[in-house]
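The values are calculated or read from the model by the stated rules, or taken from the named source; none is laboratory data. This structure is a prediction, so every number in the text was calculated from the model and none was measured. Note that we place each Cβ from the backbone using ideal geometry, even for glycine, and neighbour counts take in every protein chain shown.
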Amino acid sequence: MHSLARAVSAVALLCAAALSLTACSGAVAMSPAPDSNDPSCAAVTVRLPNTISDLDKRETTAQATGAWGDPAAILLHCGVEPIGPTTMPCFTVNGVDWVRDDSESPIFRFTTYGRTPAVEVVIDNREASGSALLDLSAAVSVIDPTKSCLNAEDVTS
C-alpha cells in the first residue's frame, strides 16, 4: 500500500515538474537597436508594463527591448533610428505620435515620431489586440518629443 502511495506521489510530482517547465518559456532572442544604450531607453525599459492585451511580458536577450506573449506577439526596441518626414499614417495615442507601417500586414510596425531615440513596436495582429500602443504610451512618453505629426490641414493651410 505504501509503495502505491509513493508511486502516485512520484507521478504527481513529475507531472507538476513537467507542467512548470512547459509554462516557463525561454528568453525571446532579440538584437539591440543601434542607440539602445541611450539613457532614455533605460527609462523606457523600466516602465514597460507586465501585461499588454492579456499577453504576459517575457524576458529578452537584448538591452532596451521588450516582448509579450508566447509565442511573442508584441516586440519593442528602443534606440531605433528616428523617422523623418513620411507619407505613412501618423497618429497620436495618449500624447505619443506613432508612424504605422502596414506593408507586412497582419504584422504592423509602429515607430515613434518626433522622439530621439525612437521606439519601434512590432505587433502581430493575429495574436494581439489593438491596445498595445495605449498600454505602452506611459513608458514611451518619458522620451520628450521634439516634433509632432502633421495632418492634412496643417500642411495645406
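A few remarks follow.
Listed here are the residues, each with its yes/no results for (1) assigned to a strand (DSSP E or B); (2) in contact (Cβ under 8 Å) with a residue 12 or more places away in the chain; (3) farther than 17 Å from R109 by Cβ; (4) not basic (K, R).
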| residue | (1), (2), (3), (4) |
| --- | --- |
| A42 | no, yes, yes, yes |
| P49 | no, yes, yes, yes |
| Q63 | no, yes, yes, yes |
| G66 | yes, yes, no, yes |
| P71 | no, yes, yes, yes |
| C78 | yes, yes, no, yes |
| P85 | no, no, yes, yes |
| D97 | yes, yes, no, yes |
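- Selected residue (only one of T51, T45, T61 is under 16 Å from the mean Cα position of the chain (by Cα), closer than 19 Å to L136 by Cβ, surrounded by 13 or more Cβ atoms within 10 Å (Cβ to Cβ) and at pLDDT 95 or above): T45
- Residue-level check: of (1) outside any loop (DSSP other than H, G, I, E, B); (2) closer than 17 Å to V28 by Cβ; (3) touching a helix residue (DSSP H, G or I) at 6+ places or on another chain (Cβ under 6 Å), A139 misses just (2).
- Conditions (1) at pLDDT below 95; (2) in a loop (DSSP other than H, G, I, E, B); (3) surrounded by 10 or more Cβ atoms within 10 Å (Cβ to Cβ): number failed by G26: (3)
- Matching residues, the range 99-130, being in a strand (DSSP E or B), closer than 17 Å to G84 by Cα and aromatic (F, W, Y): F110
- Screening the candidates P85, P34, P39 for the property of being under 21 Å from I143 (Cα atoms), surrounded by fewer than 13 Cβ atoms within 10 Å (Cβ to Cβ), touching a Pro at 6+ places or on another chain (Cβ under 9 Å) and not acidic (D, E) yields one hit, P34.
- Condition broken by R115, with the remaining ones in (1) over 23 Å from P39 (Cα atoms); (2) crowded, with 20+ Cβ neighbours inside 10 Å; (3) among the basic types (K, R) satisfied: (1)
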